[in-house]
Amino acid sequence: MDREAQPEPPESEPEAGANPAESTPESTPETEAAAPPAEPPEPPVSGTDQPKPRTPVAVLAAVVVLWLFAVVTAWTATVSVVATSFEVTARYSDAWTPLEFVESLLILAAAVVFGLLAIKVRSGRDWARSVVVIVSAIALAAALLTRAFAAGTGAVGTAMLALLLVLLLLRPARDWCDCDAERHSPRIAKAAQPPHQVVSALLVLWTAVGTGLYLGSVGILAQAGDEVDLASDGAAWTAGAIFVLAIIHAALNIGFSFHRNWARWATVGLAAAYAFWLIIAATRDLFEDGTSSWPLLVILCLIPLALIWAMAGADSREWCRRAAPDDQNEAEN
């Protein structure tokens, strides 16, 4: 048979050994329009799409106990305001002084603090949990030492403090307030958590503020009730100085809470002055007066020294350095 007479292979069939991709016809606009659209890839599951962890039962129970303390304290503040109003009206007639209501205002401030701690513990702030644990442990120890749990109301309060301490020390409560834990609160993912030294220092400072306001107001009112010359009496000047220093420390505590370094250094300077004054007073009582009050002054001197150590440490310095990035972000926004 002649070679030229053999039939040619059809064009649609690719030759043996040829690349199938080379034999595919080129795509035209008509074929692209006829082809079905490709399905978009499924988006990856982000962290926000995942179900939020539920609040542990231990945290909810602790929040209920804190709100109960807030309600009881607010009721006590209301009764104190009413009783003080009657007392002021009976003693001073129309010439009353606002210092009479300092004790009632401090009780009301304690109620506000309990409510704030309840909100912050519910949102997962570890500093709030640490404050509640420290205060509950101290109050529980004081109740046991003074045998306040023997009475009916004291027994209920002691039991509530013990319950609050146990609830916040459980593993679910600790994980709820820990950013590195798996089941932590979603509200603390990007929140700045103050170090434990900062929390302890602020707790001591705010306690000193409340004590100073109370002692200063009571001292001023006691001197005024005795009708002495406030301009020349040393006790009145001491009470007034304590009251003013308490107000100054309150302003410094607010500044330190907002990462202000000047507030930290001012508090360190005042604490150093208190420690120096207590050392001088203890030395004078030991060598000159021969009284037995110098051990108490030495113990009190440890408080400002501990504050100086805490506020001059690395944690407090790092806490106050966070003000610069925050201010920069606010300026950009």
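Just name the residue that is modelled with the lowest pLDDT out of those in region 218-246 that are in a helix (DSSP H, G or I) and surrounded by fewer than 13 Cβ atoms within 10 Å (Cβ to Cβ). The qualifying residue modelled with the lowest pLDDT is Gly225. Determine whether Pro172 is in a loop (DSSP other than H, G, I, E, B) and either surrounded by 19 or more Cβ atoms within 10 Å (Cβ to Cβ) or modelled with pLDDT of 85 or more (or both). In short, no.
Residue count for region 274-292 satisfying the condition of being open to solvent by less than 50 Å² (accessible area, probe 1.4 Å) and either among the polar types (S, T, N, Q) or under 18 Å from Leu245 (Cβ atoms) (or both): 3. For region 107-124, filtered to residues that are under 11 Å from the mean Cα position of the chain (by Cα) and open to solvent by 50 Å² or more (accessible area, probe 1.4 Å), the residue that is farthest from Ser200 (Cα to Cα) is Ile119.
Remark: pairs (first residue in region 292-319, within 12 Å of Ala201 (Cα to Cα); second residue assigned to a helix (DSSP H, G or I) and among the hydroxyl-bearing types (Ser, Thr, Tyr); Cβ separation under 8 Å; 6+ apart in sequence or on different chains) = Pro304/Tyr274; Leu307/Thr267; Ala310/Ser200; Ala310/Ser316; Met311/Thr267.
Applying the set (1) of a type in the set (D, E, K, R); (2) in contact with a helix residue (DSSP H, G or I) (Cβ under 9 Å, 6 or more places away or on another chain); (3) at pLDDT below 85 to Asp180 leaves exactly one unmet item: (2).
The values are calculated or read from the model by the stated rules, or taken from the named source; none is laboratory data. Nothing here was measured: the structure is a model prediction, and the numbers come from that model. Glycine gets a Cβ as well: all are built from the backbone with ideal geometry, and neighbour counts include every protein chain shown. These area figures cover heavy atoms from the full protein model, side chains too; ligands, DNA and RNA do not enter into them. Shrake-Rupley method; radii C 1.70, N 1.55, O 1.52, S 1.80 Å.
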